[in-house]
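*Asks:* Below are the structure tokens for one structure; questions will follow.
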């Protein structure tokens, strides 16, 4: 059945189907509508769950850690500074191998204060051990949450999953969503019944002290779980298609890459805009395609290498920046292609930071002006006249 829903409401509807036993909530723009809707569902008796209002995002993450450790399916949502305040606990969640799901409404981080969309918040925790999925539109956001719990709770994996959706662009946008019934969701996502949990009848512990004789092995086990997660992500996507006839999954998605000399690479809602640009450029006879990265962690190195093996020019569009280094996705894709015999021209284009609009005209101009002689790192629509106001040293 189709419903016309705000993105945040679609998330709440999907989470409801997953039947979390514990939900922790702390309001922060632009994710607040998600937990507001879930609180209403709990209050109205539509969802049987312990809804806990907390005093900070650190507490919100701590609540779902404790709940998951005792064998409960748990959920929370956050964004930006809130995600960073959760960071200490997120590392613990991964290290303790607790399969919670968190929605991140991607938003820029301070300072200066900015509440609009980019991906700098979640990129800051990419090495935590958490599985990271990125949605292009709200239908994918909806479908992704059921898949996220299946992935996280797989006994081979048992790691947290962060589902990323672009703040405001998706969280506050209304779209028709093909929804599922509770029975359909129950058939796809079985009840959570972990083998390891805190139980007085079977005393145990999580997160014990690991001295130098043990710590390395914990990281090795998490790395192997991440590597196995690629296979599980693909399997869950195939199962979803078999159940509902929709393929909302896999670690990457190719769009018109057949015979493409130039390939754009992106993740999140920017992918939708780029698809329109690709179509228009194709009509002009330009051999160009698009690679969408849906799963950032585990990083789909082999899949990216295969998908881009024929491309001569690769343009990485990303809404984040590793200050002092450059584009984050750029470096990871370049590393993946290091052994490629073709050695394509690879350039990074940073755009959309702080929620700056990314119109098709900017993307077209970037694609059409591409040159192998460009620097590796480029900033799209940079207002050069404003730069000196924000520097503490003169620009030579």
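A short reminder: the numbers here are calculations on the coordinates, not readings from a lab. Remember, it's a predicted structure, so these values are computed and weren't measured experimentally. Quick reminder, even Gly has a Cβ in these numbers, built from the backbone with ideal geometry, and neighbours come from all protein chains shown.
*Asks:* So if I average 1/r over every pair of distinct C-alpha atoms in region 2-244 and take the inverse, what Kirkwood radius in Å does that give? Write out the running numbers ahead of the final one.
*Replies:* Values: mean 1/r = 0.0556 Å⁻¹.
Taking every pair of different Cα atoms in region 2-244, averaging 1/r and inverting gives 18.0 Å.
*Asks:* Treat each spin label as a single point 7 Å out from the Cα along the C-beta direction, and report the residue 110 to residue 234 distance in nm.
*Replies:* The modelled label-to-label distance comes out at 4.4 nm.
*Asks:* Modelled label-to-label distance, residue 247 and residue 184, 7 Å Cα→beta-carbon offset: nm?
*Replies:* With each label point 7 Å from Cα toward Cβ, the separation is 1.9 nm.
*Asks:* Rounded to the nearest 0.05, what FRET efficiency is calculated for residue 88 and residue 276 with R0 set to 35 Å and r the Cβ-Cβ distance?
*Replies:* Working: r = 41 Å, r/R0 = 1.16.
Approximately 0.30, to the nearest 0.05.
*Asks:* For region 252-390, take the alpha-carbon Rg, divide it by the Kirkwood Rh, and send me Rg/Rh. Walk me through the numbers on the way to the answer.
*Replies:* Values: Rg = 14.4 Å, Rh = 15.3 Å.
Radius of gyration over Kirkwood radius for region 252-390 works out to 0.95.
*Asks:* Cut-off 10 angstrom, C-alpha nodes, Gaussian network model of the chain. Which of 384, 310, 46 fluctuates the most?
*Replies:* Between 384, 310, 46, it is 384 that shows the largest mean-square fluctuation.
*Asks:* While we're looking at this one, here's another question. Which shape class applies to region 216-304: rounded if a/c is under 1.5, otherwise prolate when a/b exceeds b/c and oblate if not, where a ≥ b ≥ c are the square roots of the Cα gyration tensor eigenvalues? Let's see the in-between values first.
*Replies:* On the way: a/c = 2.98, a/b = 1.80, b/c = 1.66.
Here region 216-304 falls in the prolate category.
*Asks:* Further, regarding this structure: Using label points projected 7 Å from each Cα along Cα→Cβ, tell me how many nm separate residue 56 and residue 338, to one decimal.
*Replies:* With each label point 7 Å from Cα toward Cβ, the separation is 3.9 nm.
*Asks:* Please build a GNM for the chain, connecting alpha carbons under 10 Å apart, and tell me which residue among 53, 213, 138 fluctuates the most.
*Replies:* The residue with the greatest mean-square fluctuation here is 213.
*Asks:* Taking neighbour Cβ counts within 10 Å as the exposure measure, how do 91, 188 sort from fewest upward? Don't skip to the answer; put the middle values down first.
*Replies:* On the way: 91 17, 188 20.
Final ranking by Cβ density, sparse to dense: 91, 188.
*Asks:* Tell me what the chain gives for mean residue ellipticity at 222 nm when only DSSP H runs of n ≥ 4 count, each as -39,500 (n - 2.57), the sum divided by the residue total, rounded to 500 deg cm²/dmol. Write out the running numbers ahead of the final one.
*Replies:* On the way: 12 runs with 148 residues, N = 396.
Calculated at 222 nm, the ellipticity per residue is -11500 deg cm²/dmol.
*Asks:* Also, I was wondering about something else. For region 252-390, what's the relative contact order in percent, using C-alpha pairs closer than 8 Å and at least 6 residues apart? Walk me through the numbers on the way to the answer.
*Replies:* Values: 205 pairs, mean separation 33.7, N = 139.
Normalised by residue count, the contact order of region 252-390 is 24 percent.
*Asks:* Another one. I need the peptides 22-35, 231-244, 72-85, 361-374 ranked by packing, meaning the mean over residues of other C-beta atoms within 10 angstrom, with the highest value on top. Before the final figure, lay out each step's value.
*Replies:* Values: 22-35: 23.1, 231-244: 16.8, 72-85: 25.6, 361-374: 14.4.
Highest-to-lowest ranking by the protection proxy: 72-85, 22-35, 231-244, 361-374.
*Asks:* Hey, another quick one. Quick check for you: which residues of region 250-271 have the amide N under 14 Å from the point 7 Å beyond the Cα of residue 374 toward its beta carbon?
*Replies:* Output list for this probe position: 262-266.
*Asks:* Determine, for 230, 360, the number of other Cβ atoms within 10 Å of each Cβ, and report the residues in order from fewest to most.
*Replies:* Numbers: 230 20, 360 12.
Ascending number of Cβ neighbours within 10 Å: 360, 230.
*Asks:* Name the residue, out of 215, 338, 192, whose mean-square fluctuation peaks in a Gaussian network model built on the chain with Cα pairs under 10 Å.
*Replies:* Residue with maximal mean-square fluctuation among 215, 338, 192: 215.
*Asks:* Under 18 Å from a label point 7 Å along Cα→Cβ of residue 215: give me every residue in region 114-143 with its amide N that close.
*Replies:* Residues 127-129 fall inside that zone.
*Asks:* Among 202-209, 268-275, 320-327, 143-150, how do they line up from the highest to the lowest mean number of other beta-carbon atoms within 10 Å?
*Replies:* On the way: 202-209: 9.6, 268-275: 22.4, 320-327: 14.9, 143-150: 25.8.
Result, highest mean Cβ count within 10 Å first: 143-150, 268-275, 320-327, 202-209.
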